[in-house]
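Values quoted throughout were computed directly from the atomic coordinates according to the rules given, and no laboratory measurement underlies them. Worth saying up front: this structure is predicted, and the values here are computed from it rather than measured. Note that we place each Cβ from the backbone using ideal geometry, even for glycine, and neighbour counts take in every protein chain shown.
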Amino acid sequence: MKLIRLESTDSTNTRAFHYLNQFDSVVVIAGAQSEGRGRGEHRWESPPGNIYLSVGKTLDTHCLRGLSVRVAIHLASGLAPLLKGEKLRVKWPNDLYLNDKKVAGILTESKITSEKARVVAGIGLNIAIAPLESSTSLSELATINHEEVEQTLVEAILAAFSDRDFASLGKRLRELSWFGAGDHIRFLENGSPVTALFEGYDQNLAMIVRMNNENRTITVSEVSRLR
């Protein structure tokens, strides 16, 4: 696996896709990003001091099911030993929360050709700076060794790429979920805000909600919890 370290870049995901033209697998780590991004049109604030890391690898297309959530589960589990008893929560489908504030964002992207997919999973992890009022960092909980955390992130993402034990993943997701049964939630459907009750997750790690007296699954990119 090729390791690329950059002082600064536009986006580690963008760079990872570039290097996948030359290598079968790659890790890109940058000290800052000028065009860090989340899902949809969201921007990820990327000041120096935090970790911005992407892992790229060519996978079979059947390995893509639930990938963002799989990565989030493995990252939350992998980082747990650093947190002195605090627990990271998976805010479905692609964020990690600590004490009800966002500490990491995950973006998985793929480019499919035939039965293969070039896949990149990137994470922005606040280890020193919380760039937004709604975010937090790990700095108050742990003495951070950058290289140790980077290695943990890479190992967790690679494990997620190969983990397709959905029964076990579903159990871990329920244990780590930021959402709880009966939470009132909101998401966009066809451009319009919709409210529902959170019920859980299905066998594909999609969210189950209750609307109009019936359960249904959703695969939207962002869900908020109503207070």
Quiz item: Within straight cross-link reach of residue 116, meaning Cα distance under 19 Å, which aspartates and glutamates are found once same-chain residues fewer than 8 apart are removed?
Solution: 24, 60, 163
Quiz item: Out of these labelled values of P(r) over Cα pairs in 5 Å bins from 0, in percent, (i) 1, 6, 10, 10, 8, 7, 7, 7, 6, 6, 5, 5, 4, 3, 3, 2, 2, 2, 2, 2, 2, 1, 1, 0, 0; (ii) 1, 7, 13, 14, 12, 11, 11, 10, 9, 7, 4, 2, 1, 0; (iii) 1, 7, 15, 19, 20, 17, 12, 6, 2, 0, 0, which was calculated from the coordinates shown here?
Solution: (iii)
Practice problem: Report the FRET efficiency, 1/(1 + (r/R0)^6), for residue 204 and residue 87, where r is their Cβ-Cβ distance and R0 is 35 Å, rounded to 0.05. | Solution: 0.90
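Could you order peptides 103-116, 202-215 by the average number of other Cβ atoms within 10 Å of their residues, highest first?
By packing density, highest mean first, the sequence is 103-116, 202-215.
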Quiz item: Of 127, 162, 138, which is farthest on the positive side of the dipole of the stretch 124-166, counting Cα position, with +1 on Lys and Arg Cβ, -1 on Asp and Glu Cβ, and the Cα centre as origin?
Solution: 162
Exercise. Once you've got the GNM for the chain with C-alpha springs shorter than 10 Å, pick whichever of 145, 99, 50 has the biggest mean-square fluctuation.
Key: 145
Quiz prompt | Label point distance in nm, residue 184-residue 139, each placed 7 Å from Cα along Cα→Cβ | solution = 3.6
Exercise. Compute the length gained on full extension between residue 197 and residue 65: take 0.36 nm times their separation in residues and subtract their Cα-Cα distance, giving the result in nm to one decimal.
Key: 45.1 nm
Quiz item: Taking the Cβ of residue 186 as the center, what net charge do the other residues with Cβ under 12 Å away carry, scoring Lys and Arg +1 and Asp and Glu -1?
Solution: -1
Self-check item: ³J(HN,Hα) computed for each position of the stretch 155-165 - Karplus, 6.51 cos²θ - 1.76 cosθ + 1.60, integer Hz, glycine/proline x
Solution: 4, 5, 5, 4, 5, 5, 4, 9, 8, 10, 7
Quiz item: Using helices alone, what [θ] at 222 nm do you get for the chain, with -39,500 (n - 2.57) per DSSP H run of 4 or more residues, divided over all residues and rounded to the nearest 500?
Solution: -6500 deg cm²/dmol
Quiz item: Want the number for residue 114 to residue 166: 0.36 nm per residue separation, take away the alpha-carbon distance, what's left?
Solution: 16.3 nm
Exercise. Step through the table entries 57/171; 84/171; 2/87; 102/171, compare each Cα-Cα distance with 29 Å, and write down the pairs that go over it.
Key: 2/87
Quiz item: If you stretched the chain out fully between residue 222 and residue 10, how much longer would it get, using 0.36 nm times the residue separation minus the C-alpha to C-alpha distance?
Solution: 74.0 nm
Practice problem: Please list 183-194, 119-130 highest first by mean number of surrounding beta-carbon atoms within 10 Å per residue. | Solution: 119-130, 183-194
